[in-house]
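Notes for the one structure printed next.
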Amino acid sequence: MDLNIVVLAGHLATVPEVRQFTSGTSMARFLVTLRSTEPRRRVDVIPVTLWDPPATLLAGPLVVGQQVWVAGSVQRRFWSATEGRSSRIEVIAHSVELRGVDDVDGKEERVAG
């Protein structure tokens, strides 16, 4: 059996970029920064895509550094470029929860479910 589940708890590295398509579908893309110290100190920046994001995500004051939790799956996307075929791995979000900038207040806002 195969299983493709990803859960990230990190911080917004970019404010979501939202695109609206002629079909009526919308897409939000943003980067999540994950810091770890084990087995060595490093920072990973993960691209995240959320299809048809709820209005609460777009209306809220999102700031770089705000804590975010993302649940979804990993997908490798391919496209043609002038240099040839390119690809990248990204997380397709199914659920996103925003937390405070430093998560001191413990409040959370669920923006997709």
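The values are calculated or read from the model by the stated rules, or taken from the named source; none is laboratory data. Worth saying up front: this structure is predicted, and the values here are computed from it rather than measured. Cβ atoms come from the backbone with ideal geometry, glycine included; neighbour counts cover every protein chain shown.
Here are the numbers for this structure:
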{"read-out": "Every residue from segment 88-109 that is at pLDDT below 90, farther than 14 Å from residue 9 by Cβ and under 20 Å from the mean Cα position of the chain (by Cα)", "value": "101, 107, 109"}
{"read-out": "Condition check for residue 47: surrounded by fewer than 17 Cβ atoms within 10 Å (Cβ to Cβ), in contact with a Leu (Cβ under 7 Å, 6 or more places away or on another chain) and touching a residue at least 12 places away in the same chain (Cβ under 8 Å)", "value": "yes"}
{"read-out": "Unmet criterion (only one of (1) touching a residue at least 24 places away in the same chain (Cβ under 8 Å); (2) not in a loop (DSSP other than H, G, I, E, B)) for residue 14", "value": "(2)"}
{"read-out": "Every residue from segment 63-86 that is of a type in the set (Lys, Arg) and over 20 Å from residue 5 (Cα atoms)", "value": "85"}
{"read-out": "Members of segment 3-23 that are of a type in the set (Gly, Ala, Ser) and either within 10 Å of the chain's Cα centre (by Cα) or surrounded by 10 or more Cβ atoms within 10 Å (Cβ to Cβ) (or both)", "value": "9, 10, 13"}
{"read-out": "Near pairs, Cβ below 6 angstrom, 6+ apart or cross-chain, from segment 24-40 (surrounded by 14 or more Cβ atoms within 10 Å (Cβ to Cβ)) to any residue that is polar (S, T, N, Q) and in a loop (DSSP other than H, G, I, E, B)", "value": "30/14; 31/14"}
{"read-out": "Selection count, segment 67-101, where residues are in a strand (DSSP E or B), farther than 19 Å from residue 55 by Cα and among the hydrophobic types (A, V, I, L, M, F, W, C)", "value": "6"}
{"read-out": "Selection status of residue 73, hydroxyl-bearing (Ser, Thr, Tyr) and either surrounded by fewer than 12 Cβ atoms within 10 Å (Cβ to Cβ) or modelled with pLDDT under 95 (or both)", "value": "no"}
